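Visitor: Starting off with a structure, shown below.
The values are calculated or read from the model by the stated rules, or taken from the named source; none is laboratory data. Please read all numbers here as calculations on a predicted model, not as lab measurements. Every residue, glycine among them, receives a Cβ derived from its backbone with ideal geometry; neighbour counts consider all protein chains shown. Calculation scope for accessible area: heavy atoms of the full protein, side chains included, ligands and nucleic acids excluded. Shrake-Rupley method; radii C 1.70, N 1.55, O 1.52, S 1.80 Å.
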Amino acid sequence: MVGSIITQPVSLKLIKLMLTIRENDFHRIDLNLLTVLLVLKREGSVSRAAEKLHLGQPAVSNALARLRLMFSDPLFVRTAKGMEPTPRAEALIAELGPLMAQMQNVLFQPASFTPSEATHVFRLGMSDWVERWLMPGLYARITRTAPGVTLQVTASDPFRDAELVARGEIDLAISVGESTPATLQREKIVSHNFCTLWHPEQLSLRAPLTLEDYVAHDHLLVSYRGANWSAIDDQLAASGKARSIRYVTPHFSSLPPLLARAPALATVPAGLSDEWVTHYGLCCSPVPIETPEIALSLLWHKRLDNDLSLRWLREELRSVMTERT
């Protein structure tokens, strides 16, 4: 399994290899001269090499002279069959040929990404409700189109998304935050409203809830920093109302079993309502007071704007997220 191709740390082996490079040795080398060496071997003639290289014959002769000086060897000698390489030239060409071909591919071949052949590991950051809402559809899609790709999810929240992406701990966040440092790119995809849920065996209420019903009962609250107050409470206070928050947790997933055993209300992103109503028998209502929208965005580092694998993943995420709304 290949590790994440995005922002992965430089390997110790690569660091050791880089430390062996003596920069001064390369001051004497002109890569164009090495190209002349390879073409001379292939063509066996200065004039034919000049034609292939779109150079004049004197220029190729001058390049050969510089090569001879560089390697302290004649490199090619004239024979009845043409320019024949010396053993030193043969050894150089055997080593340099594959390296030059690899360099050509790295420098001039366009990068490609084939999902069906990829073995990447993508590190995604998101909160537990986003994971529950989004990942079943995304995982099913990815396993069909890119069976070798692995998705590794890290628990995140609006206060950590940007930091995790900036430090390279995750490749991309499905973010509900708004903070966007200059080095990061944020793309809003969809928005969610809030809804309020309860269990009918615990609370005998009808939808839509009235504001009086909403403030008359205990509430369960999700807070990533342990606060027992939210923007909804600000709205209630502006209306001269208040609700009683009796339980605070950072995990949305803990709410359904709590609601099944306690006479309480929970206000959560509406994207969770269908599953919770179906699987847990909960009742759902719009929140009887104005609430802010939850903007879901993709958040990634700007240096990866043109990374083909991450561009592919962003497109997959856009498709699944818009299909789910």
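Visitor: Taking a ≥ b ≥ c as the square roots of the Cα gyration tensor eigenvalues, with a/c under 1.5 meaning rounded and otherwise prolate when a/b beats b/c, else oblate, which class fits the chain?
Guide: Numbers: a/c = 4.37, a/b = 3.73, b/c = 1.17.
Prolate.
Visitor: What ³J(HN,Hα) values, in whole Hz, does the Karplus curve 6.51 cos²θ - 1.76 cosθ + 1.60 give for region 309-325 when θ = phi - 60°, with x put for Gly and Pro?
Guide: With coefficients 6.51, -1.76 and 1.60, one gets 5, 6, 4, 4, 5, 4, 5, 4, 5, 4, 4, 5, 5, 6, 5, 7, 9 Hz.
Visitor: Explain nothing, just compute: Karplus ³J(HN,Hα) = 6.51 cos²θ - 1.76 cosθ + 1.60, θ = phi - 60°, for every residue of region 31-45 in order, whole Hz, x for Gly and Pro.
Guide: For region 31-45, the Karplus-derived couplings read 4, 4, 5, 5, 5, 4, 4, 5, 6, 4, 4, 5, 8, x, 7 Hz, x marking Gly and Pro.
Visitor: Most mobile of PRO115, PRO98, PRO288 per a Gaussian network model of the chain (Cα springs, under 10 Å)?
Guide: Comparing PRO115, PRO98, PRO288 in the GNM, the peak value goes to PRO98.
Visitor: Round to the nearest 10 and report in Å² the accessible area of LEU96, as given by a 1.4 Å probe over the protein chains' heavy atoms.
Guide: For LEU96, solvent-accessible area is about 30 Å².
Visitor: Test of understanding: in a Gaussian network model of the chain with alpha carbons linked when under 10 Å, which of LEU272, LEU34, LEU220 would top the mean-square fluctuation ranking?
Guide: LEU34
Visitor: Identify, among LEU53, ALA111, LEU99, the residue whose Cα sits farthest towards the positive end of the charge dipole of the chain, taking +1 on the Cβ of Lys and Arg and -1 on the Cβ of Asp and Glu, with the dipole about the Cα centre.
Guide: Among LEU53, ALA111, LEU99, the one farthest towards the positive end of the dipole of the chain is LEU53.
Visitor: Please calculate the 1.4 Å probe accessible area of LYS41, with all protein chains present, and give it to the nearest 10 Å².
Guide: 80
Visitor: Among TRP229, TRP133, TRP300, which one moves the most in a GNM of the chain with springs linking Cα atoms closer than 10 Å?
Guide: TRP229
Visitor: Rounded to the nearest 5, what % of DSSP beta bridges with both residues in region 194-292 are antiparallel?
Guide: If we restrict to bridges inside region 194-292, about 50 percent are antiparallel.
Visitor: Then there's this: I'd like to know which of HIS301, GLY271, TRP133 lies farthest towards the positive end of the charge dipole of the chain, counting +1 on Cβ of Lys and Arg and -1 on Cβ of Asp and Glu.
Guide: Of the options given, the answer is HIS301.
Visitor: Computing the accessible area with a 1.4 Å probe over protein heavy atoms, can you report the carbon and sulfur percentage for region 253-325? All intermediate terms of the calculation are to be shown ahead of the outcome.
Guide: On the way: 1590 of 3270 Å².
That fraction is 49 percent.
Visitor: Using modelled amide H (1.01 Å from N, peptide plane; none on Pro or chain starts), what sits under 5 Å from the amide H of LEU75, excluding residues fewer than 5 places away?
Guide: Answer set, sorted by chain and number: THR86, ALA89.
Visitor: Could you give the accessible area per residue of the chain, probe 1.4 Å, as a whole number in Å²?
Guide: Per residue, the chain has an accessible area of 56 Å².
Visitor: Work out from phi, with θ = phi - 60° and the Karplus expression 6.51 cos²θ - 1.76 cosθ + 1.60, the ³J(HN,Hα) of each residue of region 83-90, listed in order in whole Hz, and give x for Gly and Pro.
Guide: Once rounded to whole Hz, the list reads 7, 9, x, 7, x, 5, 5, 4.
Visitor: Next question. Please report the accessible area of ASP234 (heavy atoms, 1.4 Å probe, ligands and nucleic acids excluded) in Å², nearest 10.
Guide: Only protein atoms counted, so the area is about 80 Å².
Visitor: Amide H to amide H under 5 Å from SER191: which residues, 5+ apart in sequence or cross-chain, H placed 1.01 Å off N in plane?
Guide: HN-HN under 5 Å from SER191: LEU296.
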